[in-house]
Amino acid sequence: MSTVQLRHVQKTSGSTVLIPHINLEVSAGQCVAIQCNHELGHQVLLAMIGQTPISEDSIWIQGEALTPEHTRNIREKIGIQLLSEAAYERLKVREFLHFYARLYETKPDMELLLQRLGLAEKQNSRVLQLTPSELRRLSIARALVHNPQVLFMEDPEQNVILETSYIIRNLIPALMEEGKAIVSRPWCWNRPYQSEPGKTFLPFKLRLNRIRRPQCR
């Protein structure tokens, strides 16, 4: 059974198509990279996590339809990393992650999580002292704090230093090996995540003719 399913999903506003018809299935251990411009990718990710309504058909997460009455239950099964996320800047990194762990009523292996995201040496630093690249890694750590089976990521490598890009590109295959389903909107068209033998990476090209696709820098 697919972990994530989009069945003829579409979003319109009047006569304007914001999201074209999409049929997509993502299974455990797969990573789907949605190759499209930022505007369209942002709309698709918001629809997948229930933050914006769709006009037609349905989205399913682990066999459960994403409807207003089920949104809260589904949110507990997924991890979300978006570009526009606020953080509690006065908390220390470790306190920040513990705060979210308590919200999900879970006790993660904090040492492992900090190590995987390259934040072990920053765990006692306040969030406001982190660089933009470290904040991106903290955002991903927060998305993983409750060990979700589905991870949604928006341009995780946008405007980050090489070290952070390296950490993310090593993390993705490791999460796939653990059986997580991942949906990501990569920053660069010609640098998708590389999958190791035995792992499944699926590029998913999506575009609207009315939107000009940006060039990868």
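Scanning region 32-48 turns up no residue that is under 23 Å from residue 141 (Cα atoms), within 15 Å of the chain's Cα centre (by Cα) and in a loop (DSSP other than H, G, I, E, B).
Here is a yes/no grid of residues against (1) in contact with a His (Cβ under 6 Å, 6 or more places away or on another chain); (2) without any contact (Cβ under 8 Å) to a residue 12 or more places away in the chain; (3) closer than 26 Å to residue 144 by Cβ; (4) open to solvent by 70 Å² or more (accessible area, probe 1.4 Å):
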position: 12; (1), (2), (3), (4): no, no, no, no
position: 19; (1), (2), (3), (4): no, no, no, no
position: 34; (1), (2), (3), (4): no, no, yes, no
position: 37; (1), (2), (3), (4): no, no, no, no
position: 44; (1), (2), (3), (4): no, no, yes, no
position: 75; (1), (2), (3), (4): no, no, yes, yes
position: 90; (1), (2), (3), (4): no, no, yes, yes
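Note on region 102-125: residues that are touching a helix residue (DSSP H, G or I) at 6+ places or on another chain (Cβ under 8 Å) and not hydroxyl-bearing (Ser, Thr, Tyr) amount to 14.
Screening the candidates 126, 169, 142, 116 for the property of being at pLDDT 95 or above, open to solvent by less than 80 Å² (accessible area, probe 1.4 Å) and over 13 Å from the mean Cα position of the chain (by Cα) yields one hit, 116. Against the conditions (1) in contact with a Gly (Cβ under 9 Å, 6 or more places away or on another chain); (2) outside any helix (DSSP H, G or I); (3) open to solvent by 10 Å² or more (accessible area, probe 1.4 Å); (4) not aliphatic (A, V, I, L, M), residue 163 satisfies every one except (2). Contact map, region 100-114: first residue touching a residue at least 24 places away in the same chain (Cβ under 8 Å), second residue loosely packed, with under 12 Cβ neighbours inside 10 Å and not in a helix (DSSP H, G or I), Cβ cut-off under 8 Å, separation 6 or more or different chains; pairs are 101/107.
The values are calculated or read from the model by the stated rules, or taken from the named source; none is laboratory data. This one's a predicted model, so the numbers in the text were calculated from it and none came from an experiment. Backbone-built Cβ (ideal geometry, glycine too); neighbour counts: all protein chains shown. Areas reflect the complete protein model, heavy atoms only, side chains present, ligands, DNA and RNA absent. Shrake-Rupley method; radii C 1.70, N 1.55, O 1.52, S 1.80 Å.
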